[in-house]
Amino acid sequence: MVYLMIAALMPVTKSKRSAVGALTDEVQWKSVRKHIRANLSRAMAARLPDQAPTRDQYQYAEAKLLAPAFEELEEEFRRSSFQQALEQGLFPEDAPRNWARPERRQLIVGDGTVPKAPSKAERTVTVDTTTGEIKLHRVYSAARVYYENGEEEKVAVRGTKWFFASARDDCYWRRVILSFAHVAGGAYEDEAAIAVRHFSRLKRDLPGCMGVVYDGAFRGVHRDALARLGLLVINKQHKSIRPRHLELLRPGRCRHDLWCDQGRVAERVIIDDGTSVLIPVPVTRLQHGAGASKSRWYHTLRVPCRYGPHEHRVQVGITSHSLDRKVVDPATGKPRKSDAELGFHRAEYLQQIPQLTLAHQTVYPYRSDSESVNSQFDLSLWNRRMISYGIERQKVFALAFAMSQNATSRRIHQEDGGRLWTPGQGHSARLTRDAA
């Protein structure tokens, strides 16, 4: 327990030496023993030594106690974080659900960050070409080069990558980190694949969750997997996606050439000079159909027409396969081919909430909260470099960072009197109360 407490102090003091030093004061150590006696038991408090642990003792405990028990500690952290989120009013199951305008407290935000490796050295031995001096270096072998800042402005960073998923209401510093993981890289261990696995588990544990907000690391295959679980996926459309023909709609005397563009359905219209433009078709409703094994999502379109507007429904967010439910063509009475059979990756081209819509502009800014988590993680490091060698020890530090953030959130929640968030109540309201 004490070693875990020291680990939770490390993100605050930015080093192991300072974290241990914070407990060496006699008064502080007596306070720790007092609180352990009050919250746990007298027997456990009596087992503590008269002096706080030294840095060497913590180093030994980190390698021999905390790191080997990381999976059990991580599981207990997730259980407590889920409980804390519900206690703070996040993901309420009885709250109204507006799929086009979900509340911040009903969404999970996630992102990956790459803190610098603890050592800049990439080779164990180097030779000074001027003096001939042979220098030995400690190399962190787990570090690799990652690229950040999206597709346009890639920045190479050498280190280890970490994924964090969190949620909060409109009050500052009441964020709860729900899950985290080391991103090792590779086909099944890249950032997006790990995020999908964690979001899928969070959906099972938090039924009140409506969706996730992520960056451009998500492509159609990732949106498809989460949409099938009944989650909204709000992210930006890749600029590399070009318009693609969807279908030719002929409801009567008219014809409408429908295309996929910017994550939504658009109509191709010929203008005076003979060229064509794609005009977005208004979406009147985002419909969620929850099935026994998977969910389905539809856009109800209002197609403008000189003979009167037409209502047309298009499936979005999910790429259908041959094993899915067969859709019958009302014109012929025969089953339609699935998207996979037609070679059409629908989830890549059509988003649940398209990017160029007011709904997207309202909800997507919630993703900036994940950047706040990344910034706090970087600021918790000495010189913004990981303070531990080895992935197992770094996992302990990531766990300690999440614990310290959640402890701050719990304390702020308690200072607010344990009041749950209600619409219209935010940080500004709390400042007004404090000023009064």
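The values are calculated or read from the model by the stated rules, or taken from the named source; none is laboratory data. Bear in mind the structure is a predicted one, so any value in this text is a computation, not a measurement. As a convention, Cβ positions derive from the backbone with ideal geometry for all residues, glycine included, and neighbour counts pool all protein chains shown. Surface areas here come from the heavy atoms of the whole protein model, side chains and all, with no ligands, DNA or RNA. Shrake-Rupley method; radii C 1.70, N 1.55, O 1.52, S 1.80 Å.
Brief remarks follow.
- Calculated [222 nm] ellipticity per residue, helices only, for the chain: -10000 deg cm²/dmol; basis is -39500 (n - 2.57) per DSSP H run with n ≥ 4, divided by all residues, nearest 500.
- Calculated from the structure at hand, Cα Rg over 2.2 N^0.38 Å is found among (i) 1.06; (ii) 0.98; (iii) 1.19 as (iii).
- Taken along the Cα-to-beta-carbon direction at a fixed 7 Å, the label points for residue 332 and residue 156 span 5.3 nm.
- Ligands, DNA and RNA left out, the accessible area of the chain computed with a 1.4 Å probe is 51% carbon and sulfur.
- Among 393, 138, 37, residue whose mean-square fluctuation peaks in a GNM of the chain (springs only between Cα atoms under 10 Å): 37
- Residues of type aspartates and glutamates that residue 30 reaches as a straight line, Cα spacing below 19 Å, ignoring anything fewer than 8 places off in the same chain: 50
- Cleavage-rule hits (GluC sites (Glu not before Pro)) in the stretch 333-393: DSSP loop, at most 13 neighbouring Cβ within 10 angstrom: none
- In nm, spacing of pseudo-spin labels at residue 34 and residue 55 (7 Å Cα→C-beta vector): 2.9 nm
- Accessible surface for the chain, divided over its residues, is 53 Å² per residue with a 1.4 Å probe.
- Added length on full extension, which subtracts the Cα-Cα distance from 0.36 nm per residue, residue 254 to residue 69: 59.9 nm
- Separation of the residue 46 and residue 95 label points, Cα + 7 Å toward Cβ, nm: 4.7 nm
- Highest-fluctuation residue, 67, 46, 347 considered, GNM on the chain with Cα pairs under 10 Å: 46
- Residues considered: 223, 367, 17. Largest GNM mean-square fluctuation over the chain, using C-alpha springs under 10 Å, is found at 17.
- DSSP bridge analysis restricted to the chain gives an antiparallel fraction near 90%, rounded to the nearest 5.
- Relative contact order for the chain, counting Cα pairs under 8 Å that sit 6 or more residues apart, in percent: 19 percent
- On the basis of the beta-carbon distance and an R0 of 56 Å, residue 142 and residue 306 show a calculated FRET efficiency of 0.30.
- Modelled label reach - residue 410, point 7 Å along Cα→Cβ, the stretch 1-20 residues with backbone N closer than 19 Å: 1-13
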